[in-house]
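One structure is given below, encoded as structure tokens.
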Amino acid sequence: MITSTTGPQPADFADVRATNLAVVLRFVREHAPCSRADIAATTGLNKATVSSLVADLIDRRLVRETGLTENRVGRPATMLVLDGSPYAAIGVEINVDHVSAVATDLAGERLLTWRRSFSAGDSVSQGVASVGAIVRRVINRMAKEERQVLGLAVAVPGLVDVQGTVRLAPNLGWRDADLGGDLAKALRDPGFPIQVDNDANLAALAEQRFGAHAGAADLVYLTGEIGVGAGIILDGRLRRGGLGYSGEIGHVQLDPDGPPCHCGRRGCLEAMAGIGSVLRGAPAPAEIHPAEIQIEIEEVVRLARAGDAGTLATLSAAGRSLGRGVSILANLLDPEVVVLGGYYVPLAPWLLPAVHAELGHRVLAPDAGGCRVVASTLGQDAAALGGAARVLDSVDSGRLPGGLSRIP
Ligand SMILES: [Zn+2]
């Protein structure tokens, strides 16, 4: 298990003990199995403090001792691993035609992945009812497994401000929605924090924690849904910008004379390399019924495999436009890796050659600044998984669940 390379520093927190608990927990997450002496040697905390902190984490059932011992000079050391069996983190993703829910344990092991249908154009209150229904089922399942829910984070395709208000989700038709507050009411104040974030941001967190390039300090995730957005991780941290609106790469204009975008402008990346342009050869995302997209993509893949010239030309053109967008990211941010998600994943074998060629032409730094462009390996629910990752990040940053009573 790998987490971000930057973490809480003791000076960041008034509560030194809570901070030190988080430091020890992160160490165990990243280095388990490890001993108390390993923790002391690496963190600089003294051994007595480490013993006390570990006892607290064992009380909270966040860490447990294994029967294993490490052979050392002198007496053997008992090894520690993450426990977290009584806990769960929940992530939910709202998409234009479905809602996904993922629950993981503290170590990030997936406990469940559920989906239910959803209609873009539903009002916010209908959306809250749909999300509330699936979350209630997840909470009930977790209760049956005797797990305490640590938190919920909800991914929304749109602009979400730093307070978690959905300012604008054009493909859902939502504006200025206090989704977190409404969900808390729908769930009757469930006693755990509810966070709301942009889908690309949360998918980037999922890649950083669980993806094939987990641990990358500089990573950009590009959603390939009806819209195209970027989740940006720099120096190990998600970068949301001043108000939380960073990453709208889909509306960077590539061609002022280009095709109209549903945002009202022309020649946006989304209009030239979004899934609508791939499927129609022209930007018409609003005209594609979400339920048809998967079927149409399978047809595009079949035609591409068969060498259909028109299909290959369309994919190549979309790949070139996508490559121009990725080149802007590479020149501006110099990421180690750009991960293509969503519907880009099945099309990646035909998009990536053109993307790489554009990077070679357009990025000033030699070898495109070392930027690799890859398809996500996390599957379709990356943003939901990222919601769970965000909850786990909160725990790693010091928001620990309360101590559990000792079993006599
Ligand atoms: Zn646009």
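The values are calculated or read from the model by the stated rules, or taken from the named source; none is laboratory data. A quick note: this is a predicted structure, and the numbers were derived from the prediction, not measured. Note that each Cβ is placed from the backbone with ideal geometry, even for glycine, and that neighbours are counted across all protein chains shown. Only protein heavy atoms, including side chains, enter the accessible area calculation; ligands, DNA and RNA are left aside. Shrake-Rupley method; radii C 1.70, N 1.55, O 1.52, S 1.80 Å.
Of note:
- A Cβ distance below 7 Å, combined with a sequence gap of six or more or placement on separate chains, defines the contacts here; from region 247-265, residues that are touching a residue at least 12 places away in the same chain (Cβ under 8 Å) and farther than 18 Å from Asn171 by Cα reach residues that are more than 9 Å from the ligand (Cβ to nearest atom) and of a type in the set (Gly, Ala, Ser) in the pairs Leu254/Ser321; Leu254/Gly325; Pro259/Ala282.
- Flag for Gly173 being within 13 Å of Ser125 (Cα to Cα) and free of Cβ contacts under 8 Å to residues at least 12 places away in the same chain: no
- Residue match in region 60-83 (condition: in a helix (DSSP H, G or I), at pLDDT 90 or above, open to solvent by less than 10 Å² (accessible area, probe 1.4 Å) and in contact with a helix residue (DSSP H, G or I) (Cβ under 7 Å, 6 or more places away or on another chain)): no
- Subset of region 87-111 [open to solvent by less than 20 Å² (accessible area, probe 1.4 Å), part of a strand (DSSP E or B) and over 24 Å from Tyr343 (Cβ atoms)]: Tyr87, Ala88, Ala89, Ile90, Ala103, Thr104
- One residue stands out among those in region 304-351 that are at pLDDT 95 or above and on the phi > 0 side of the Ramachandran plot: the one that is surrounded by the fewest Cβ atoms within 10 Å (Cβ to Cβ), which is Gly307.
- Residue within region 133-153 that is open to solvent by less than 50 Å² (accessible area, probe 1.4 Å) and part of a loop (DSSP other than H, G, I, E, B) present: yes
- Residue check for Leu159: under 17 Å from the mean Cα position of the chain (by Cα) and farther than 25 Å from Leu25 by Cβ: yes
- Restricted to region 174-186, and to residues there that are open to solvent by 20 Å² or more (accessible area, probe 1.4 Å) and in contact with a helix residue (DSSP H, G or I) (Cβ under 6 Å, 6 or more places away or on another chain), the residue that is farthest from Gly244 (Cα to Cα) is Ala186.
- So Val149, is it under 30 Å from Asp15 (Cα atoms) and more than 21 Å from the chain's Cα centre (by Cα): no
- Taking first residues from region 14-25 that are closer than 20 Å to Asp38 by Cα and among the hydroxyl-bearing types (Ser, Thr, Tyr) and partners that are part of a loop (DSSP other than H, G, I, E, B) and at pLDDT below 85, the Cβ contacts under 9 Å between residues at least 6 apart in sequence or on separate chains come to Thr19/Pro8; Thr19/Gln9; Thr19/Phe13; Thr19/Gly398.
- Residues of region 34-47 that are surrounded by fewer than 17 Cβ atoms within 10 Å (Cβ to Cβ) and not aliphatic (A, V, I, L, M): Thr42, Gly44, Asn46, Lys47.
- Filter result for Glu298 (more than 12 Å from the ligand (Cβ to nearest atom), modelled with pLDDT under 90, assigned to a helix (DSSP H, G or I) and open to solvent by 10 Å² or more (accessible area, probe 1.4 Å)): no
- Selection within region 371-392 - open to solvent by 30 Å² or more (accessible area, probe 1.4 Å) and at pLDDT 95 or above: Arg372, Val374, Ala375, Thr377, Arg390
- The lone criterion from (1) in contact (Cβ under 8 Å) with a residue 60 or more places away in the chain; (2) open to solvent by 40 Å² or more (accessible area, probe 1.4 Å) left unmet by Trp114 is number (1).
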